[in-house]
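The values are calculated or read from the model by the stated rules, or taken from the named source; none is laboratory data. It should be emphasised that the depicted structure is a prediction, and the values quoted were computed from it without experimental measurement. Neighbour counts are summed over all protein chains in view; Cβ atoms, including those assigned to glycine, are modelled from backbone coordinates with ideal geometry. Heads up: the accessible areas ignore ligands, DNA and RNA and are worked out on the full protein's heavy atoms, side chains in. Shrake-Rupley method; radii C 1.70, N 1.55, O 1.52, S 1.80 Å.
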Amino acid sequence: VMASAQAEAIKVLYRGWIEAMGANPEMSLEETRAIFDHWGDITAEPRGVDYVEVDAGGIPAMWAIPTGCSDNRVVMCTHGGGYVTGSMYTHRKLFGHLAKEIGCKALILDYRRAPEATHPAQVEDALIGYRWLLDQGYSSEHTCTSGDSAGGALSTSVLLAIREAGLPLPSGTMAMSPWYDPEGSGSTIETNAGKDALVSRDVLMGMSAIFLGEASAKDPLANLLQADLSGLSPIYIQTGGDEALLDDSVRFEQRAKDAGVDVTLDIYPEMQHVFHFMAGNAPEADDAIGKLAAWIKPKLGL
């Protein structure tokens, strides 16, 4: 399978970021975040989706509401960016495409970021968002979670927090290029080093140190490879074949299977980290989002 010509856009974006960061080793947090604010530039605007900002139990959030969607089904979305960058604004269009394809609303959480708030603040915020949805009258079986990269891990780790809190679990989780291992112990960090245009060991360990703060890299809420996964909701993972983080998903899938979880992993050949960002512009991204929607719809009763 050859990558489409359109799929080159994400490599161009990522290489530009890495060049900018390399040219300015003393880059401030604000400057780094400003670079990552351009993540959504490669995402087409999904037509027929309205966006409404809302306070979700104290967590700033944004509804993405596709025209004619089911108003009692919802996907709770957590954005990527190493828990340090990214926002509900950078990911608005991506999650808008997902919500539109599913035919439900998306609640995009603007959870606290590190270093201002380190682990487990992000998991706490995601749990607050989920509780808020339940309080608004959304049933757990009509709710699911999704996220990309760090947000993909968060869409999964929130399940542990939900289970711990004794709340009913959502009907499923869709993780895009999830970052499950803050220790960076996966083999593909080395073997895909020449192919991944964004994620390198240096970038990864830098983000990891910032978001963990005083926490251990083996904390199961931060490191899903250390977690007890028994009894979790069905999980569908999609990741790119050229990703440094590919091995995170491969190892997690095995651990989830061993724990009896209904887990699916799709690896898209030649694709970059969160290639889904090219939704509306590259066929691979549209295919992936279509598959996520087809997987979750029956679980949500759609």
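Look at (1) of a type in the set (D, E, K, R); (2) within 22 Å of Asp287 (Cα to Cα); (3) surrounded by fewer than 20 Cβ atoms within 10 Å (Cβ to Cβ) and you find that Asp228 fails only one, number (2).
Would you tally the residues in region 251-275 being in contact (Cβ under 8 Å) with a residue 60 or more places away in the chain and surrounded by fewer than 23 Cβ atoms within 10 Å (Cβ to Cβ)?
First, pick out the residues of region 251-275 that are in contact (Cβ under 8 Å) with a residue 60 or more places away in the chain: 251-252, 269-275.
Imposing the further condition that a residue be surrounded by fewer than 23 Cβ atoms within 10 Å (Cβ to Cβ) reduces the set to 251, 269-270.
Of the residues in that region, 3 qualify.
Quick one: in region 60-81, which of the residues that are touching a residue at least 60 places away in the same chain (Cβ under 8 Å) and open to solvent by 10 Å² or more (accessible area, probe 1.4 Å) is nearest to His142 (Cα to Cα)? It comes out as Arg73. Pairs linking a residue in region 40-56 that is within 25 Å of Glu284 (Cβ to Cβ) to a residue that is open to solvent by less than 20 Å² (accessible area, probe 1.4 Å) and in a loop (DSSP other than H, G, I, E, B), with Cβ atoms under 7 Å and 6 or more positions apart or on different chains, are Gly40/Thr90; Gly40/His91; Thr43/Ala279; Ala44/Ala279.
When Tyr14 is tested against the conditions (1) outside any loop (DSSP other than H, G, I, E, B); (2) closer than 30 Å to His142 by Cβ, the lone failure is (2). Taken together, the criteria place Ala9 among residues that are in contact (Cβ under 8 Å) with a residue 60 or more places away in the chain and part of a helix (DSSP H, G or I). The residue that is most open to solvent (accessible area, probe 1.4 Å), among those in region 232-250 that are β-branched (Val, Ile, Thr) and over 30 Å from Gly166 (Cβ atoms), is Val250. Can you confirm whether Asp50 is farther than 19 Å from Ala150 by Cβ, open to solvent by 60 Å² or more (accessible area, probe 1.4 Å) and in a helix (DSSP H, G or I)? Taking the combined requirement at face value, the residue does not satisfy it.
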